[in-house]
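Report on the structure given below.
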Amino acid sequence: RASKLFNEAKQIRKIKSELPNSFAETLVTHMKRKKFTVEKLSEHSNVGAKTIQRMRSDENYQTSIGTVIALCIGLQLHPLLSQDLIQKAGYVFKNTEEHIAYQLLLASCYKNSIHECNEMLKSNNMSLLGKEE
């Protein structure tokens, strides 16, 4: 178990050390690493392809924390890598039920589909991630 933990730590450190400093470039890097096209990420994150395109190319494109979280879940990013991307998007989690729910999703459900995550949010009357269905 310990070696599995340290292998994961090594892997994450390596990925993090290769990430650019900007949000847009980091998003592009994760997509390349995971072999995601804009269309595939759109499908997996429930975020429109045009929005993803803009987020990849325009560093000043304003988006919501929910959209960034949807991308993290769509890419199935490890919680530490999600934290990095959210930070680069300029967001900090607040002590609200919604933000804590987002953090829990990122921590324990990041391997679930966006639809499963949205089901959990919906059953608790919280706003859904990505486009409304």
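Brief remarks follow.
- Restricting attention to the range 43-63, the residues being within 15 Å of N118 (Cβ to Cβ) and not hydrophobic (A, V, I, L, M, F, W, C) number 4.
- Unique match (being free of Cβ contacts under 8 Å to residues at least 12 places away in the same chain and closer than 21 Å to H115 by Cβ) among Q11, Q103: Q103
- Of everything listed in (1) part of a helix (DSSP H, G or I); (2) touching a residue at least 40 places away in the same chain (Cβ under 8 Å); (3) open to solvent by 30 Å² or more (accessible area, probe 1.4 Å); (4) of a type outside the set (S, T, N, Q), the single unmet condition for K40 is (2).
- Flag if I15 is under 13 Å from the mean Cα position of the chain (by Cα), of a type outside the set (D, E) and surrounded by 12 or more Cβ atoms within 10 Å (Cβ to Cβ): no
- Members of the range 41-60 that are of a type in the set (D, E, K, R) and within 14 Å of the chain's Cα centre (by Cα): E43, R56
- Verdict on I69 being of a type outside the set (F, W, Y) and in contact with a Cys (Cβ under 6 Å, 6 or more places away or on another chain): no
- Residue count, the range 16-32 (criterion: in contact (Cβ under 8 Å) with a residue 12 or more places away in the chain and over 17 Å from Q53 (Cα atoms)): 3
- Filtered residues of the range 44-66 (kept if open to solvent by 30 Å² or more (accessible area, probe 1.4 Å), outside any loop (DSSP other than H, G, I, E, B) and touching a residue at least 24 places away in the same chain (Cβ under 8 Å)): H44, R56, S57
- Per-region count, the range 84-112, residues under 24 Å from E25 (Cα atoms) and among the polar types (S, T, N, Q): 2
- Residues of the range 77-126 classified as buried (at least 17 other Cβ atoms within 10 Å of the Cβ) and not in a helix (DSSP H, G or I), total: 5
The values are calculated or read from the model by the stated rules, or taken from the named source; none is laboratory data. What you are looking at is a predicted structure, and each value in this text was computed from that prediction instead of being measured. Cβ: placed from backbone, ideal geometry, glycine included. Neighbour counts: every protein chain shown. Side chains are part of the model used for accessible areas, which takes the heavy atoms of the whole protein and leaves out ligands, DNA and RNA. Shrake-Rupley method; radii C 1.70, N 1.55, O 1.52, S 1.80 Å.
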